[in-house]
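Beneath this line is the structure, given in structure tokens, with notes to follow.
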Amino acid sequence: MQANVGSVALDNRIVIAPMCQYSAEAGKAAAWHRIHLGNLALSGAGLLIIEATAVELEGRISPQDLGLWDDETQQALRVVLDDIRHYSPIKVGIRISATDWIEGGWWSNPSY
């Protein structure tokens, strides 16, 4: 049964929720993401939502968070998305992460 999320038509109402993998390498999607997300893309679900993804280095929840803060992190995720789109009709969303942590925690120091 087809479903809609706003103006996006999905093949069905099955949605794969974002799952933090903490497997990025310097923010870049890696082989793990191609395997993990590629497998989920072939599941028959209507929508796959990619894990929380930081748009700024300082906005990460952990040092292994997926990122989109520069050309290298964007290109690494592009490779994964191109593979998914080549083999699956699934729609793909992304959860953008943002941290509002109190000043002074380990997360406030981008040098970790």
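Numerical summary
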| quantity | calculated |
| --- | --- |
| Leading residue by the ranking (surrounded by the most Cβ atoms within 10 Å (Cβ to Cβ)) among those in region 13-36 that are in contact with a helix residue (DSSP H, G or I) (Cβ under 6 Å, 6 or more places away or on another chain) and not polar (S, T, N, Q) | Ala29 |
| Ile35, sole failed condition from (1) under 14 Å from the mean Cα position of the chain (by Cα); (2) of a type in the set (Val, Ile, Thr); (3) farther than 19 Å from Val79 by Cβ | (3) |
| Region 33-59: number of residues that are touching a Leu at 6+ places or on another chain (Cβ under 9 Å), over 9 Å from Ile90 (Cα atoms) and among the aliphatic types (A, V, I, L, M) | 6 |
| Region 44-66, subset part of a loop (DSSP other than H, G, I, E, B) and of a type in the set (Gly, Ala, Ser), residue surrounded by the most Cβ atoms within 10 Å (Cβ to Cβ) | Gly46 |
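Only the coordinates and a few stated rules stand behind these numbers; no lab work does. Since the model is a prediction, treat every value here as computed from it, not as a measurement. No Cβ is skipped: glycine too gets one built from the backbone with ideal geometry, and neighbour counts run over all protein chains shown.
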